[in-house]
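Bear in mind these aren't lab numbers, they're just calculated from the coordinates by the rules spelled out. From a predicted model like this one, the values you see are computed outputs, not experimental measurements. Note that we place each Cβ from the backbone using ideal geometry, even for glycine, and neighbour counts take in every protein chain shown.
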Amino acid sequence: MSEYITLYRKYRPKNFSEVVGQTTTITILKNSIKLNKIGHAYIFAGPRGTGKTSVAKIFARAVNCLNNNDGDLCGKCGNCKKNIEEEIDIVEIDAASNNGVDEIREIRNNVKLLPSNLKYKIYIVDEVHMLSDSAFNALLKTLEEPPSHVIFILATTEINKIPSTVLSRCQKFNFKKLNNKEIKERIKYICEKEDRLTNIDDSCIELISRLSDGGLRDAINLLDQALSINKEVTIDEIYDLLGLIDDDSQFELIENIISKNIKSVIKIINNLYDSGKNIPAILNQILIKIENIIIYNNTEKYFDEKYEKKLIKFSKVDSDKIIELCKQMFELIYNLKKNTDQKILVEIYFIKMTFIFNENIKIENNSIINDDKNNQEEFTNENKISFEEKKILINNCLCLANKKLKLDFLNNYGLINNYISDKKYNSIANLLLKATPEVVSNKYILFTFKKNFEVILFDKNIEIIVKFLKLLYNNEYEVIGVSSEDWKKIKEDYINNIKNGKKYEFIEINKNNKSSKKNNNIEDKIENIFGDIHITEE
Ligand SMILES: [Zn+2]
């Protein structure tokens, strides 16, 4: 069985005329060979996969070609026919590997020796920015007085990390990202040569070039993988290979954030995790989509018509809010890099993002619009209860607690299930199904939640919850939401207080003490009962 050669290796350019893009660089390099004005140190800088090492290898061979073929390799002379991998006069050093330093030191010792077979001895140093300070110093010594038979080609993706003393001794060439057209043409060329052009359509080739972000190596490797899966390559397979999702799924998630559809947002995120997707890459995809919405809403005819049709539904969303969404997405991507509990972090951020869109928002005539007069009950963003009020309510709830009423209440709690798809109350029903009614009286109900953000949601939507419970129980309860963790402490204190003979007094709430910020009498009573218990607050 013959060894499989990757498409990237198979189609690596073998002379200047086969190189994709980088035309200015190639022209200058060819001219320097043609005119025999060859430098002794070159630096090739640019993003990954743009051809730096390939061009370095071609240059190394072209300067050694025995025929002057307009600056390119002739392909026929003794030197051109040599196998570059076995040629001792062309030395490749990977500065990212440990022995980079030793190899650079060795160069200093060997550099004076003449080449054994070729005209020039060539040193290609890949990822040169990875060299240690001492290795750079050793390199610098050599670059200060290079023998005429030696050429250095230093390649890097991070030119800012190269000492200026080294830079000043090199001729610099910038390798640019390839454009879509250049990548597409090369991919098509390879498919044609491989006799697979009928198995992959234009939309897939377009997608591969778009996802490779100007790096030809990534594009060819992606093509290689895609062609090896199935006979016919599909768009979905290409997204799958990279752990990404398609444009429509990205827009669906953004739509759900803007419509404050928290349930769907969480469901989508769970699905992404369950199917092993590349979450950081997807967040970057979405960030670009949000940016596109901002551009679309503030310019004219920037994108092609087909893509603008996907953006049109966002045209009426408030620009400031979209920009805020963009900021939060950016923050999430940044925080994700240093956080271990990733899924929770992603969920919390997405819920936070829905809070940006505090007005009632709905999709109408294919566009998402802010609609204040919307009759639908949606989650709101305003906190309806203060910290102090909450303490009073907990106190009162504990005062009036009644076990029998609790049992009656729980007996009918299952009725909420009838509302999980209800247009008006679905969000509230889903939230209450996550709650545990802990304390029930004829006037108050205390619910506990496992997650803090559920308490926050509860507090923001108290009015609607009261309305909903009235519908179910025909009683206008006052409701309190507490996290299970806080409840544990409140309960412990309650039991201790009762044991020690401390009495819980009912505190009358009237409009006056509800709005006044300082009411020492009430605060004292509360402090006596709760001590300094922390109750979840935003
Ligand atoms: Zn030749």
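Rounded to the nearest 20 debye, the dipole size of the stretch 247-370 about its Cα centre is 260 debye, using +1 on the Cβ of Lys and Arg and -1 on the Cβ of Asp and Glu. Dipole magnitude for the chain: computed about the Cα centre from +1 point charges on Lys and Arg Cβ and -1 point charges on Asp and Glu Cβ, it is near 600 debye.
With only the Cα atoms considered, the stretch 1-105 has a convex hull volume of 148 Å³ per residue.
Just going by the charge dipole of the chain, with Lys and Arg at +1 and Asp and Glu at -1 on Cβ, which of Leu469, Leu325, Tyr419 is farthest out on the positive end? Highest projection toward the positive end goes to Leu325. Projecting the Cα positions of Phe458, Ser315, Gly39 onto the charge dipole of the chain (unit charges on Cβ atoms of Lys, Arg, Asp and Glu, taken about the Cα centre) puts Gly39 furthest along the positive direction. Using DSSP to define loop residues, name the GluC sites (Glu not before Pro) in the stretch 144-252 whose beta-carbon has at most 10 other beta-carbon atoms within 10 Å. Answer by residue number: there is no such site.
The label-point distance for Ile348 and Phe303, in a model that sets each label 7 Å from Cα toward Cβ, rounds to 3.2 nm. The label point for Lys37 and the one for Ser421, both projected 7 Å from the Cα toward the Cβ, are 7.7 nm apart. Close amide H pairs (under 5 Å, H built 1.01 Å from N) link Lys172 with Ile43, residues at least 5 positions away or on another chain. Modelled label-to-label distance, Asn179 and Glu158, 7 Å Cα→beta-carbon offset: nm? Rounded to a tenth, the inter-label distance reads 3.1 nm. Measuring against 22 Å, Cα to Cα, the residue pairs Lys267/Lys467; Lys390/Lys503; Lys327/Lys451; Lys52/Lys231; Lys338/Lys450 contain Lys267/Lys467; Lys327/Lys451; Lys52/Lys231; Lys338/Lys450 as the ones spanning a longer distance. In the stretch 184-254, what trypsin sites (Lys or Arg not before Pro) fall in a loop by DSSP, with at most 11 other Cβ atoms inside 10 Å? Hits after loop and neighbour filter: Lys231.
Between Asn402 and Ile28, the contour length at 0.36 nm per residue exceeds the alpha carbon distance by 125.8 nm.
Have a look at Ile229, Gly21, Tyr349 and report the one farthest towards the positive end of the charge dipole of the chain, computed about the Cα centre with Cβ charges (Lys/Arg +1, Asp/Glu -1). After comparing all options, I get Gly21.
Taking the DSSP bridge list for the chain and keeping only pairs wholly inside it, about 25 percent are antiparallel.
Full extension of the chain between Ser228 and Lys337 yields a length gain of 36.0 nm, computed as 0.36 nm times the residue separation minus the alpha carbon distance.
Between Asn67 and Lys10, the FRET efficiency from the beta-carbon distance, with R0 = 45 Å, is close to 0.95. Taking 0.36 nm per residue of separation and subtracting the current Cα-Cα distance, fully stretching the chain between Leu114 and Ser168 would add 16.9 nm. Overall dimensions of the chain, expressed as equivalent-ellipsoid semi-axes from the Cα gyration tensor (√(5λ), whole Å, largest first), are 68, 28, 19.
Shown here for the stretch 405-499: GluC sites (Glu not before Pro) in loop regions (DSSP other than H, G, I, E, B) with at most 16 other Cβ atoms within 10 Å, namely Glu476.
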